[in-house]
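Report on the following structure.
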Amino acid sequence: MKPGRSLVLVSAVALVREDGRLLLAQRPEGKSMAGLWEFPGGKVEPGESPESALVRELDEELGITVDEADLEPFSFASHGYDTFHLMMPVYLCRQWRGEMTGREGQALAWVGLETMNDYPTPPADVGLMKRFEEWSRAQEEEN
């Protein structure tokens, strides 16, 4: 990590429907990297675990309820941006309650493997998208 950059801990989730589609959220106008598509999630506050932060963020951002027990460790990203270094554990979740809505004005899209590359992502998410694609193809082969 370059001197002077802070470490930012964010947790994110790959929400996957029964049909294998992945939920992506578009960063809204006014935020850094606005317009790019990412896994839902957010900053881990002091005293929170990555899982409890994710449960809180999904309620705040999407209006859904997720149980920590339904969050399966999936992957992580470690990426140096100009002003901070991002560390992001990513979980897989296939079960939630509630009707999903972009509560912060963000657009939401359920994407399949055939269209995933049509959604530009932040640099930290590029490797995660490839990892999800590998996981998804392995799931298809098992079924």
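Values quoted throughout were computed directly from the atomic coordinates according to the rules given, and no laboratory measurement underlies them. No experiment lies behind these values; they were computed from the predicted model shown. Note that each Cβ is placed from the backbone with ideal geometry, even for glycine, and that neighbours are counted across all protein chains shown.
Using Cβ counts within 10 Å as a stand-in for footprinting exposure, how do Leu86, Leu23, Leu62 rank, fewest first? Write out the running numbers ahead of the final one.
Values: Leu86 18, Leu23 21, Leu62 24.
Going from sparsest to densest Cβ surroundings: Leu86, Leu23, Leu62.
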The stretch 6-142: C-alpha pair distances exceeding 23 Å, %: 28 percent
Helix-derived mean residue ellipticity, 222 nm - over the chain, DSSP H n ≥ 4, -39500 (n - 2.57), to 500: -7000 deg cm²/dmol
In degrees, nearest ten, helix 50-62 long axis to first principal axis of the chain (Cα): 70 degrees
Low-density loop cleavage sites - trypsin sites (Lys or Arg not before Pro) in the stretch 84-124, where at most 15 other Cβ are within 10 Å (DSSP): Arg94, Arg103
Cut-off under 5 Å, modelled amide H: who pairs with Ile64 long-range: Asp59
Coil-residue chymotrypsin sites (Phe, Trp or Tyr not before Pro) of the stretch 64-116, DSSP, other Cβ within 10 Å capped at 15: Tyr81
Amide H contacts under 5 Å for Val8, placed H, 5+ residues apart: His85, Leu86, Met87
Under Karplus coefficients 6.51, -1.76 and 1.60, residue-wise ³J(HN,Hα) of the stretch 90-105 in Hz, glycine/proline x: 10, 10, 10, 9, 10, 9, 7, 10, x, 9, 6, 9, x, 6, 10, x
Relative contact order (percent, whole number), the stretch 6-142, Cα cutoff 8 Å, 6+ residue spacing: 32 percent
Amide hydrogen neighbours beyond the local backbone of Phe76, cut-off 5 Å, H modeled: Val90
Estimated D of the stretch 56-99 in µm² per second, where Rh is the Kirkwood radius over Cα pairs and Stokes-Einstein applies at 20 °C, 1.002 mPa s: 178 µm²/s
Angle between the chain longest axis and helix 126-142 axis [Cα atoms, degrees, rounded to 10]: 20 degrees
Of all DSSP beta bridges in the chain, antiparallel share, percent nearest 5: 70 percent
